[in-house]
1. Out of all the residues in the stretch 224-243, which are open to solvent by less than 10 Å² (accessible area, probe 1.4 Å) and outside any loop (DSSP other than H, G, I, E, B)?
2. Scan Val150, Val105, Val136 and give me the residue that is under 27 Å from Gly226 (Cβ atoms) and surrounded by 14 or more Cβ atoms within 10 Å (Cβ to Cβ).
3. Give the residues of the stretch 259-290 that are polar (S, T, N, Q) and not in a loop (DSSP other than H, G, I, E, B), sorted by residue number.
4. If the Cβ limit is 8 Å and pairs must be 6+ apart or interchain, which residue in the stretch 305-316 that is under 18 Å from Leu225 (Cβ atoms) and modelled with pLDDT under 85 pairs with which residue that is among the hydroxyl-bearing types (Ser, Thr, Tyr) and assigned to a helix (DSSP H, G or I)?
5. For the stretch 67-95, which residues satisfy the criterion of being acidic (Asp, Glu), open to solvent by less than 40 Å² (accessible area, probe 1.4 Å) and modelled with pLDDT of 85 or more?
6. Taking only the stretch 182-194 into account, find how many residues are touching a Phe, Trp or Tyr at 6+ places or on another chain (Cβ under 8 Å) and either within 15 Å of Tyr362 (Cβ to Cβ) or open to solvent by 70 Å² or more (accessible area, probe 1.4 Å) (or both).
7. Sort out which residues of the stretch 179-202 are assigned to a loop (DSSP other than H, G, I, E, B), in contact with a helix residue (DSSP H, G or I) (Cβ under 8 Å, 6 or more places away or on another chain) and farther than 26 Å from Met153 by Cβ, and write them in order of number.
8. Pick out the one residue from Thr235, Thr259 that is within 30 Å of the chain's Cα centre (by Cα) and not hydrophobic (A, V, I, L, M, F, W, C).
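The values are calculated or read from the model by the stated rules, or taken from the named source; none is laboratory data. What you are looking at is a predicted structure, and each value in this text was computed from that prediction instead of being measured. Neighbour counts run over all protein chains shown; Cβ positions are idealised from the backbone, glycine included. When the accessible area is computed, the model is the full protein with side chains, heavy atoms only, and any ligands, DNA or RNA have been set aside. Shrake-Rupley method; radii C 1.70, N 1.55, O 1.52, S 1.80 Å.
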Amino acid sequence: MSRQFFKALIILLILFSTNIYGQSHHQSTTPAHDSPADLSIVDKKSLREEIKEEIQHHLLDSHYFDIAHDKETHEHYGFALPVILVDDGLKVFMSSEFEHGKKVVQKNNNFYKLYHNKIYKTDAEGNIHYDENHKVTNEKPLDLSITKNVFVMFIATILLLLLFSTAAKSYKRRALPKGIARFLEPLILYIRDEIAIPNIGKKHYKKYMSFLLTIFFFIWILNMLGLTPFGINVTGNISVTFVLALFTFLITNLTGNKTYWKHVFDPLGDSMPWIAKLPIYIILVPIEILGLFVKPFSLLIRLYANISAGHIVMMSLIGLIFLFKNLIGGSMSFLLTVAISMIEFFVALLQAYIFTMLSALYFGLAAEEHNEH
């Protein structure tokens, strides 16, 4: 690893830790009746709760792109995002009107409050009501807002368009790639030669290549953006991974040929007469049908769980630096954070590869012909 990359990584971690905890932690005054030992225990417990709260806040989506915030002065640094609600018509305004949940927004005769990153309909005072299980019972409007995750996905989409359009123009001008095309070419060839063709076959792989390339680079870019100190956690959101897996599910089953569906409803084929197969199919066919949904479900859970776990581990290790408050413990936590962050760079690429590989495998099953089988 180059020295420049190592320096950049350390700077990134310092910015990340400062962004999350530096503004939020301040010293408390010591009451006269408390002993230093008691105060230390109280301080550590309070700091642990604060770190836990920050981790949960980082994992959630937001209507405001919050880059940093100071809990002592309640100042937020970032920018507002558009709020789009469908409730007795279309209502569009900026999330800054909520003032981070402090203010109730009135649109026509309706009142809205931002509470725990969700928008609820309330009265003019902004009262939130709960049931016996402490769940909010307020009505929620249909929320089509441009949240932080949606905004970052737009950025990733624009990056994809710029990268591939630039690479395409480079190939039009010259036979040998240049610039960004030189970087993209080995990755595209690897996806084609090592993922698409071996799993789908030379006859059918081309119609799936556009999706495989898009899903690989889209997930990879989102995972890399998640390693920046801006609190981005797109692929750690189960709604996002659900939609990505849904695309794989739809493409697999909509392009499935006769052999594919015959394997689902007649998995034993002509190996035995129907009278002998019927008792077996009572159990076997429902399992095959269930497998159609289990495969994409495993895709969304794998991506969601690995990325979320990576974010939790990274932020927990950064939190330990502030929790130890000594040179040895803080230094060890910092070095461990650097090591884990290096692994996270690899995991970001690995998760994109696994999602693409398994998608190609499912497409191969859908496109497989009887003679190939």
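1. The one that is open to solvent by less than 10 Å² (accessible area, probe 1.4 Å) and outside any loop (DSSP other than H, G, I, E, B): Thr241.
2. Values: Val105 fails: under 27 Å from Gly226 (Cβ atoms); Val136 fails: under 27 Å from Gly226 (Cβ atoms).
Answer to the selection: Val150.
3. Here is the first cut: in the stretch 259-290, the ones polar (S, T, N, Q) are 259, 271.
Residue satisfying the conditions is Thr259 alone.
4. These pairs meet every condition: Met314/Thr337; Met314/Ser341.
5. In the first step, residues of the stretch 67-95 are kept if they are acidic (Asp, Glu); the result is 70, 72, 75, 87-88.
When the remaining residues are screened for being open to solvent by less than 40 Å² (accessible area, probe 1.4 Å), the result is 70, 87.
Within the stretch 67-95, Asp87 is the sole residue that qualifies.
6. Here the count works out to 1.
7. First pass over the stretch 179-202, keeping only residues assigned to a loop (DSSP other than H, G, I, E, B): 179, 201-202.
Cutting the leftovers down to in contact with a helix residue (DSSP H, G or I) (Cβ under 8 Å, 6 or more places away or on another chain) gives us 179, 201.
Correct list: Gly201 only.
8. On the way: Thr259 fails: within 30 Å of the chain's Cα centre (by Cα).
None of the others qualify; the one that does is Thr235.
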